[in-house]
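Encoded as C-alpha cells, the structure appears first; notes follow it.
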Amino acid sequence: MNQPAQSQAEESMAELEARAIELQKELSAVQNAIAGIHARMNEGQQPAAAKDVPLTPAWDAPLAISTPPVSQPSLTADETADTGFIFLQALQPYHALRAKWHLGSGLENALMPEIHIPDKQGEDEVASDLRLFGLLSDGNPWEQRIPFHEIARENGVILGRDPGVANYVVDDTSISRSHLQLRLDEYGLVVSDLGSTNGTSINDVPVNAYNNNQPLQDGDTLTIGCVSVQVEFI
C-alpha cells in the first residue's frame with residue numbers, strides 16, 4: 001500500500017474508532033436510564049421526572065422513552081442520565097403501541113387501548129364495549145356487544161354470516177360469509193370491508209378496498225349489506 005493510501009486508511013480507522021466510543025457512551029447512558037427505571041419500580045417508587053414534564057399516565061399505562069422535550073433543549077441523552085432525569089412520553093389513547101405493549105408485560109398480555117367518551121358533564125369515561133343494534137332485513141331486532149379488548153387483538157374481529165369464519169354472526173342473507181373487520185389502530189376504531197357482495201358503509205359513505213380502515217365513532221350508523229345498525233360505545 002502506498003503512503004497516501006495508508007494515511008487515508010489510518011485516518012478513516014481513527015474516525016471509526018472515535019465514533020464507536022461515542023456510540024458506546026450513548027448506549028451506556030440509555031442502559032443506565034433503563035436500569036434506573038427498573039430500580040425505582042422494584043423499590044415501589046415513582047421514576048425521576050424532568051422538570052415541568054409530568055408523568056402521565058401512571059405505571060399501569062403504556063409509556064415510551066423519548067428525547068428531551070422542546071422545553072429542555074439544552075439537555076442531551078448523556079446529561080439526562082447524569083442528572084437523573086428520565087423523559088417519559090405518554091402514548092396517545094389510540095396509539096398502535098398501546099395495543100401491543102405494556103410496561104412489564106409481554107405481547108400476549110397487551111393492555112387494551114382506552115377509548116374516552118365525554119359525558120354530559122364534560123368528564124371522561126372509559127368505554128369497555130362496542131354495542132351494535134338495529135333491525136335485520138326480515139324486521140327482527142339484532143344486537144351485539146363486542147369487548148374492545150377483543151377488537152384490540154392483532155387481527156381484530158370479523159363480522160359475517162358464517163359462524164365458521166366470523167367472530168360475530170349477523171344472520172342476514174344480504175351479508176357475506178366474512179363481511180367486515182373491526183380493529184383498533186393509532187386513530188381509534190376502524191372498519192374494513194373484506195370484499196363483501198353487498199358492501200359496507202358508515203353514515204352512507206361506502207367503505208371498500210380503495211378506502212378501507214375508515215374510523216367508526218360513537219353515534220355513527222354502520223350499514224352491513226342491507227342491515228343498518230347504530231354504533232354505541234359503552
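The values are calculated or read from the model by the stated rules, or taken from the named source; none is laboratory data. A quick note: this is a predicted structure, and the numbers were derived from the prediction, not measured. Cβ sites come from the backbone with ideal geometry, for glycine too, and all protein chains shown count toward neighbours. In case anyone asks, the SASA skips ligands and DNA or RNA and just uses the protein heavy atoms, side chains included. Shrake-Rupley method; radii C 1.70, N 1.55, O 1.52, S 1.80 Å.
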If we only count strands (runs of 3 or more DSSP E) wholly inside the stretch 184-234, which ones have 1 or more residues that are free of Cβ contacts under 8 Å to residues at least 24 places away in the same chain? 188-193, 200-202, 205-207, 221-224
Taking the stretch 151-162 and the residues there that are modelled with pLDDT under 95 and either charged (D, E, K, R) or open to solvent by 40 Å² or more (accessible area, probe 1.4 Å) (or both), the one that is nearest to residue 200 (Cα to Cα) would be 155
Can you confirm whether residue 47 is at pLDDT below 70, open to solvent by less than 80 Å² (accessible area, probe 1.4 Å) and in contact with a Lys or Arg (Cβ under 7 Å, 6 or more places away or on another chain)? yes
Here the residues within the stretch 163-193 that are of a type in the set (A, V, I, L, M, F, W, C), out of contact with any Phe, Trp or Tyr (no Cβ under 9 Å at 6 or more places or on another chain) and open to solvent by 20 Å² or more (accessible area, probe 1.4 Å) are 165, 169
Just give me the residues in the stretch 201-234 being among the hydroxyl-bearing types (Ser, Thr, Tyr) and either within 17 Å of residue 144 (Cα to Cα) or out of contact with any strand residue (DSSP E or B) (no Cβ under 6 Å at 6 or more places or on another chain) (or both), in sequence order. 210, 221, 223, 228
